[in-house]
1. Calculate, in nm to one decimal, what Tyr103 and Tyr42 gain on full extension: separation in residues at 0.36 nm each, minus their alpha carbon distance.
2. Can you give me the relative contact order of the chain as a percent, contacts being Cα pairs under 8 Å and 6 or more apart?
3. Run the numbers for Val6 and Gln145: contour at 0.36 nm per residue of separation, minus the present Cα-Cα distance, in nm.
4. Using 7 Å Cα-to-Cβ label points, what is the Glu28/Asp176 separation (nm, one decimal)?
5. Suppose every K and R has +1 on its Cβ and every D and E has -1 on its Cβ; what is the size of the dipole of region 58-206 about the Cα centre, in Debye to the nearest 20?
6. Using the Karplus curve 6.51 cos²θ - 1.76 cosθ + 1.60 with θ = phi - 60°, what ³J(HN,Hα) values do you get for each residue of region 2-9, in whole Hz, with x for Gly and Pro?
7. Once the piece of chain linking Val195 and Leu91 is laid out straight, how much longer is it, given 0.36 nm per residue of separation minus the C-alpha distance between them?
8. For region 38-178, which whole percent of the accessible surface, found with a 1.4 angstrom probe, sits on carbon and sulfur atoms?
Amino acid sequence: MAQVHVMDHPLIVHKLSLMRDKYTGSKEFREAVEEISSLLCYEATRDLPLKEVEIETPIAHAKVRYISGKKLAVVCILRAGLGMVDGILDLIPSAKIGHIGLYRDPDTLQPVEYYCKLPNDIESRDVIVVDPMLATGGTANAAIQFLKNYGVKNIKLLSILAVPESISVIQEQHPDVDIYCAAIDEKLNDKGYIVPGVGDAGDRLFGTK
Ligand code: URA
């Protein structure tokens, strides 16, 4: 069964509280999304393999460890996932970035694909899927299935907020995919928004309505 890592850390709790406040403007909202994404990425990359290398420090010969050439890709679910990418690139600047555009049909709430551009060796990379709001879970579920159809074997999902039902969807459909999030909120409302949530993350990131 997939693990759910809820990052209950004071820095994350503080930044998420800023995101929740409806009076927080786009600039601060964007910064909080970016910073929380870095912190989630920090935890999600805890198992990256290291290799030992011998170097000279200014003082002595030393054995040190570097990350051992693991090929990573970040796949961002448009549009709100864009807000998470820079925070991850701050920590993993060499990661390749893919984009998947899936919108939620407002009537069925089902994901419909409208855009996909992935690194051409995506099947040989470990992939971090980013989607800040895991609401119904339908979009992330479809994106993960899409990546598996391309041959991707190792996937982690980073979301800022989730609800119990979306966690269940991912756990049932993709028991091999670990989820990293800042909090699990109470429920969805009848329009598919997370309660208490942050509102529409895409609109708040990009200042649209
Ligand atoms: N997408 C959002 O941006 N916010 C929600 O609460 C749910 C889906």
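1. Numbers: separation 61, 0.36 × 61 = 21.96 nm, distance 2.83 nm.
Full-extension gain reported as 19.1 nm.
2. Details: 413 pairs, mean separation 50.9, N = 209.
Relative contact order for the chain comes out at 24 percent.
3. Values: separation 139, 0.36 × 139 = 50.04 nm, distance 2.30 nm.
Stretched out fully, the Val6 to Gln145 stretch lengthens by 47.7 nm.
4. Distance between label points: 4.3 nm.
5. Values: 15 positive and 18 negative charges, 160 e Å.
Around 780 debye, computed over region 58-206.
6. For region 2-9, the Karplus curve yields 4, 7, 10, 9, 9, 8, 7, 10 Hz.
7. Details: separation 104, 0.36 × 104 = 37.44 nm, distance 3.05 nm.
34.4 nm is the gain from fully extending Val195 to Leu91.
8. Working: 3640 of 7080 Å².
Carbon and sulfur: 51 percent of the exposed surface of region 38-178.
The values are calculated or read from the model by the stated rules, or taken from the named source; none is laboratory data. Since the model is a prediction, treat every value here as computed from it, not as a measurement. Glycine gets a Cβ as well: all are built from the backbone with ideal geometry, and neighbour counts include every protein chain shown. Just so you know, the surface numbers come from the protein's heavy atoms only, side chains and all, with ligands and any DNA or RNA stripped out. Shrake-Rupley method; radii C 1.70, N 1.55, O 1.52, S 1.80 Å.
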